[in-house]
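Chemist: Before we start, here is the structure in question, set down as structure tokens.
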């Protein structure tokens, strides 16, 4: 249990950290990329509004009012590399101006423009160039701004932030992995004390139970069997069964070495166990059928798997409704073995019923008491399945039946 708790603690911590860092890094880089686009678009707006070039200052007091209005530096005309192309409505190149850039030839500029014109694109990126087109009297004006420096800075920061985030997450993982053991040390000690208490208490309980059983037997020998001695023996049996289940739960929770695994026929085990409950079901006016696929083998602890099947069959027979139907199935599903037990029942909540596997959970305490239940049988079943790294689930599709499915 502590091992599972530690794994969950590490998983939750790392997922939370990954999400937070992911959101932060994504937000920063999206803002950076948006800034690159906005800056380029402001330059393009000035160029296209001025017919294909930056506007010249026409006011002695404020010669650069156009740039201030668009949030640009007066140095924009000098540090911006751009080119423009005019094209007719029919797709004929009318004019090419590459005087403000060296890296792009007139042929390349024409090629870019024709490609965008054919695709009817008016704004966006083509390679490292941000472009915009506007309608003119003779067709369209395409303006391109070189964003190579801005994009290079953006990608440098992007990869740097991703790399630093990755190593940061790995560093936190290492710290959490080792520190989680220290953090959960007190919880581990508490669980160990609880397990030791259950084990010690069970041994202490067994002794007085043995004495009570022996005394009851002597009383029956001297005075004969009576209603009271029968009741005493029943309670001794119930308490002995409960202590044995608690001890087994304690062992299964943490110690997988407790299981003695071997290869055996699961088909035969399920069939033998189901047949044992066939007569019990008939005596109570219930119908038990089974559909067991042959030649299904499994590598597991035979004793605990037998107890698992027996516990689920007993639960189905015990808590099915009067004249109820019980069906036991076993089949292969890929590499897994699927054991299913279905039984009709009195009214039960629809949907997922995994709460039934909680320890000491009872849907009807008085009914469980009458039928000899402890509210721990299905908990033992779940512990056995978990120890074998399998899955167990319970579901009611109609509120009048229960299906328990085990996959190992």
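Computed from the coordinates by the stated procedures, all read-outs in this text should not be read as laboratory data. Keep in mind the model is a prediction, meaning the values are calculated, not measured. Ideal geometry is used to build each Cβ from the backbone, glycine not excepted, and the neighbour counts take in all protein chains shown.
Chemist: How far is it, in nm, from the label point at residue 32 to the one at residue 355 when both lie 7 Å from their Cα along the line to the Cβ?
Modeler: So the two model labels end up 5.0 nm from each other.
Chemist: Which of 18, 277 has the fewest other C-beta atoms within 10 Å, and how do the rest follow up to the most? Write out the running numbers ahead of the final one.
Modeler: Details: 18 14, 277 22.
Ranked by crowding around the Cβ, least crowded first: 18, 277.
Chemist: Continuing with this model, one more query. What FRET efficiency, computed as 1/(1 + (r/R0)^6) with R0 = 35 Å and r the Cβ-Cβ distance, is obtained for residue 108 and residue 164, rounded to the nearest 0.05?
Modeler: Step by step, r from the Cβ atoms, then E = 0.40.
Chemist: If neighbour count is taken as other Cβ atoms inside 10 Å, put 159, 339 in order from fewest to most.
Modeler: On the way: 159 10, 339 25.
The fewest-first ordering by Cβ neighbours comes to 159, 339.
Chemist: Here is a follow-up. Ranked highest first by average number of other Cβ atoms within 10 Å, how do 160-169, 328-337, 377-386 line up? It would help to have the intermediate numbers written out before the result.
Modeler: Details: 160-169: 12.7, 328-337: 14.6, 377-386: 22.6.
Top of the packing list down: 377-386, 328-337, 160-169.
Chemist: Right, here's the next one. For the range 85-166, what relative contact order do you get, as a whole percent, if you take Cα pairs closer than 8 Å and at least 6 residues apart?
Modeler: On the way: 88 pairs, mean separation 20.6, N = 82.
Relative contact order comes out at 25 percent.
Chemist: Next question, about the same structure. What percent does the relative contact order of the range 259-408 come to when contacts are Cα pairs within less than 8 Å and at least six residues apart? Could the numbers behind the result be given before it?
Modeler: Numbers: 283 pairs, mean separation 34.5, N = 150.
Taking the mean separation of contacting Cα pairs over the length of the range 259-408, I get 23 percent.
Chemist: Using only the alpha-carbon atoms, what does the chain span along each of its principal axes? Please give whole angstrom values in decreasing order.
Modeler: So the three principal-axis extents are 127, 48, 40 Å.
Chemist: Could you give the alpha-carbon Rg of the range 89-194 over 2.2 N^0.38 Å, rounded to two decimals? The partial results should precede the final answer.
Modeler: Values: Rg = 28.0 Å, N = 106, 2.2 N^0.38 = 12.9 Å.
Normalised by 2.2 N^0.38 Å, the Cα Rg of the range 89-194 equals 2.16.
Chemist: Let me ask something else about it. May I ask you to compute the full-extension gain from residue 393 to residue 120, defined as 0.36 nm times their residue separation minus their alpha-carbon distance, rounded to one decimal in nm?
Modeler: Details: separation 273, 0.36 × 273 = 98.28 nm, distance 5.69 nm.
Gain in length upon complete extension: 92.6 nm.
Chemist: Okay, next question. Quick one: 223, 388, 278, 122, fewest Cβ neighbours within 10 Å first, how do they rank?
Modeler: Details: 223 10, 388 21, 278 18, 122 14.
So the residues, fewest neighbours to most, are 223, 122, 278, 388.
Chemist: Compute a Gaussian network model of the chain, connecting alpha carbons closer than 10 Å, and tell me which residue from 345, 226, 186 fluctuates the most.
Modeler: It is 226.
Chemist: Right, something else. Specify the residue with the greatest mean-square fluctuation among 318, 119, 86, computed from a Gaussian network of the chain linking alpha-carbon atoms under 10 Å apart.
Modeler: 119
Chemist: Counting pairs of Cα atoms in the range 259-408, how many percent are more than 29 Å apart? Walk me through the intermediate numbers first.
Modeler: Details: 1265 of 11175 pairs.
Tail fraction, whole percent: 11.
Chemist: Moving on to the next point. Of the listed peptides 29-40, 140-151, what is their order by residue-averaged count of other C-beta atoms within 10 Å, with the highest listed first? Please report the intermediate quantities before stating the final value.
Modeler: Working: 29-40: 14.6, 140-151: 20.7.
Peptide ranking by packing, descending: 140-151, 29-40.
Chemist: Using 7 Å Cα-to-Cβ label points, what is the residue 239/residue 174 separation (nm, one decimal)?
Modeler: Here the modelled spin labels are 5.6 nm apart.
Chemist: Oh, and also: Hey, what did the chain get for relative contact order, percent, Cα under 8 Å, at least 6 apart? Don't skip to the end; give the middle numbers.
Modeler: Details: 527 pairs, mean separation 44.6, N = 408.
The normalised contact order for the chain reaches 11 percent.
Chemist: Then there is this: Quick one: length gained pulling residue 15 to residue 138 fully straight, 0.36 nm per residue minus the C-alpha distance?
Modeler: Working: separation 123, 0.36 × 123 = 44.28 nm, distance 5.77 nm.
Contour length minus Cα-Cα distance gives 38.5 nm.
Chemist: Stretched out fully, how many nm does the piece from residue 93 to residue 263 gain, at 0.36 nm a residue minus the Cα gap?
Modeler: On the way: separation 170, 0.36 × 170 = 61.20 nm, distance 8.02 nm.
Here the segment from residue 93 to residue 263 would lengthen by 53.2 nm.
Chemist: Cut-off 10 angstrom, C-alpha nodes, Gaussian network model of the chain. Which of 138, 295, 128 fluctuates the most?
Modeler: 138
Chemist: Let me ask something else about it. Just report the Cα centroid separation between the range 97-162 and the range 286-353, whole Å.
Modeler: 68 Å
Chemist: Now for a separate question. So, R0 is 25 Å and r is the distance between the beta-carbons of residue 127 and residue 45; what FRET efficiency does that work out to, to 0.05?
Modeler: Working: r = 21 Å, r/R0 = 0.84.
Approximately 0.75, to the nearest 0.05.
Chemist: Divide by every residue of the chain the summed helix terms, -39500 (n - 2.57) for each DSSP H run of at least 4, and state the resulting mean residue ellipticity at 222 nm, rounded to the nearest 500 deg cm²/dmol. Could the numbers behind the result be given before it?
Modeler: Details: 11 runs with 226 residues, N = 408.
Dividing the helical sum by the residues of the chain leaves -19000 deg cm²/dmol.
Chemist: If R0 is 45 Å, what FRET efficiency do you get for residue 225 and residue 294 from their C-beta distance, rounded to 0.05?
Modeler: Values: r = 46 Å, r/R0 = 1.01.
With a Förster radius of 45 Å, E is 0.50.
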